[in-house]
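Step one of this worksheet: look at the structure below.
We did not get these values from a lab; they are worked out from the coordinates using the rules stated. Computed from a predicted structure; not experimentally measured. Cβ placement follows ideal geometry from the backbone for every residue including glycine, while neighbour counts extend to all protein chains displayed.
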Ligand SMILES: *Cc1c(COP(=O)(O)O)cnc(C)c1O
C-alpha cells in the first residue's frame with residue numbers, strides 16, 4: 001500500500017491545548033464565516049466547515065464524552081450540490097432517471113431528501129425497498145436489483161410497477177411464470193443485467209464485471225449473446241439492459257467500456273426490422289471517490305466524457321437512461337466523529353483508543369489498504385488540533401487486535417477527551433453498521449450551514465440505546 005498522506009494541515013485556530021480549552025465556550029458567538037460552502041480547502045472550505053460543525057455539535061451535546069461518544073454527520077448542502085452536479089453532467093435533452101443506490105446510505109430521511117432533489121432510488125432487497133417506499137418514492141422511480149430476488153419479491157415488484165433488472169436465466173424463467181399468471185400486464189420496466197466481462201478494478205471485492213463475477217448474464221460466454229438475443233425476441237416485455245461494472249477502484253474507461261458493451265448489444269438487437277427491442281439502458285453506478293484529499297475527483301462530467309467516447313449511441317436519443325450512483329453522491333458529504341478515550345505507547349508506537357472502530361468503519365478495518373480514510377484531530381471543543389505530527393495508531397473500541405482505522409498516521413498528538421473525525425464517510429460507513437461487541441448504532445445528524453456560519457442540525461437517525469439493542473436480541 002502506498003503511504004496514505006493525511007489532508008493538508010487544518011487551519012489551526014488560536015486554540016491553546018491547555019486544559020481550559022476543553023471546556024466549550026457557550027458564550028462565544030457562532031463565528032461568522034461567509035461562504036462556508038461545501039467542498040474546497042482553505043477559508044470557507046471543507047475543513048473549516050467541518051470544524052464549525054464539530055464545535056456546534058459539542059456545544060449542543062450531539063457529541064458528549066459520556067452520552068454521545070460517536071456520531072455521524074451528513075452535509076445536506078453538500079448532498080444537494082452533488083445531486084445538482086450529477087444532473088448537470090448529463091445532457092439536458094437526454095431522458096434520464098438518476099436513482100440513488102440505497103445501500104450507500106439507507107436512512108429514510110436521507111432517501112427522502114434525495115427524492116426531493118429529483119432522484120429515484122435503486123434497491124437490492126426487501127429492506128431497502130421498504131425504506132425507499134417509506135421515503136415516499138413513487139414505484140415508477142424505484143429500480144429493483146439483486147442477484148437473489150425471491151418469487152414473492154418479484155411478484156410484489158410487478159404488482160407495484162417497480163422496474164426490475166433480472167440477473168440470470170433462472171430469474172427470467174421465474175418472471176415468465178409470474179407474468180403468465182397475472183391477469184393484467186405489469187407497468188414495471190423489465191431488463192436484464194449483463195456482465196460485460198471487461199475485467200476488474202483495483203479492489204477485487206468491488207469488481208462486478210470480471211469473467212467469473214456472480215452478477216448478471218456473462219455476455220461473452222459461449223452462446224450467451226445469441227441466447228439473450230432470442231430471449232428478447234420472444235419477450236416483447238423485455239426492454240432494458242442493465243450493467244454495473246463495479247464500485248470504487250474501477251477506472252472510468254473500464255466502467256464506460258462496460259456500458260459500451262451493453263449499448264453495442266442493444267444496437268445489435270435494435271438493428272433487426274420491427275420495433276426497437278431495447279428502449280433503455282441502466283448504466284449502474286460505481287463512480288469512484290477520492291479518499292485521499294478534499295477534491296471531488298473524478299467528476300460526473302469526466303465520466304460522461306468517457307461514456308461519450310465508449311458509448312456514443314447512449315446519447316443519440318434512441319435510449320432512455322437510468323443511473324444508480326451511490327458512493328459518489330454521499331461519501332464526501334459525511335464524516336464520523338468519535339472521542340479519544342485513552343492513549344498509550346506500545347512497543348514505541350503511540351496508540352489512541354477511540355470510539356470509532358469496526359462497527360462503523362468495517363471495510364477500513366478489515367481491508368485497510370483498499371479503504372484508507374483521512375482522519376483529523378480536534379480538541380474537545382471541536383476545534384482543529386495543531387501540533388507537530390506524531391505517528392499514531394487510531395484504534396477503535398472493539399475487542400480484537402485488528403480494530404484499527406489508521407496505522408502510524410501522522411497527527412497532532414491525541415489526548416484523552418480529544419475528538420477524531422473520519423472523513424468521507426457519508427456512504428457505506430455508519431449506515432452500514434457491524435454489530436460487533438454489541439456496540440450500538442450511533443446517531444446520524446444532518447446539517448446545513450447558513451450564510452452567517454450558523455449550523456443547523458436535523459436528526460437522520462437516533463442513537464440506538466442499549467435497552468433497544470437488548471430487546472432486539474431476545
Ligand atoms: C452498489 C451498486 C450501485 C452503487 O454503487 P456505488 O459505487 O455506490 O455508486 C449501483 N448499482 C448496483 C447494481 C450496485 O450493486
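Structure above, values below:
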{"read-out": "Fraction of antiparallel bridges per DSSP, the chain only, in percent to nearest 5", "value": "50 percent"}
{"read-out": "Inter-label distance for residue 401 and residue 229, nm, one decimal - labels placed 7 Å from Cα along Cα-to-Cβ", "value": "5.8 nm"}
{"read-out": "Sites residue 187 and residue 297, calculated FRET efficiency, Cβ-Cβ separation with R0 35 Å, nearest 0.05", "value": "0.35"}
{"read-out": "Fewest-first sequence of 241, 228, 172 by Cβ atoms within 10 Å of each Cβ", "value": "172, 228, 241"}
{"read-out": "Ranked list, fewest to most other Cβ atoms within 10 Å of each Cβ, for 456, 445", "value": "456, 445"}
{"read-out": "Relative intensity, log₁₀ I(q)/I(0), of region 277-393 from a Debye sum that treats every alpha carbon as a point, q = 0.12, 0.13, 0.15, 0.19 Å⁻¹", "value": "-0.65, -0.71, -0.85, -1.15"}
{"read-out": "Spin-label model distance (nm) - residue 437 vs residue 148, 7 Å beyond Cα toward Cβ", "value": "2.8 nm"}
{"read-out": "Inter-label distance for residue 341 and residue 467, nm, one decimal - labels placed 7 Å from Cα along Cα-to-Cβ", "value": "2.3 nm"}
{"read-out": "Principal axis dimensions, region 90-142 - Cα atoms, whole angstrom, descending", "value": "34, 19, 19"}
{"read-out": "Listed peptides 261-268, 178-185 by packing density, highest first (mean Cβ within 10 Å)", "value": "261-268, 178-185"}
{"read-out": "Fraction of the pair-distance distribution of region 78-331 above 27 Å, Cα-Cα pairs, percent", "value": "32 percent"}
{"read-out": "Solution diffusion estimate, µm²/s, Stokes-Einstein, region 409-474, Kirkwood Rh from C-alpha pairs, 37 °C, viscosity 0.692 mPa s", "value": "220 µm²/s"}
{"read-out": "Spatial extent of the chain: Rg and Dmax, with the Cα atoms as the point set, Å", "value": "23.8, 80"}
{"read-out": "Contact order normalised by residue count of the chain, Cα under 8 Å, 6+ apart, percent", "value": "20 percent"}
{"read-out": "Footprinting exposure proxy for 436, 319 (fewest neighbouring C-beta atoms within 10 Å first)", "value": "436, 319"}
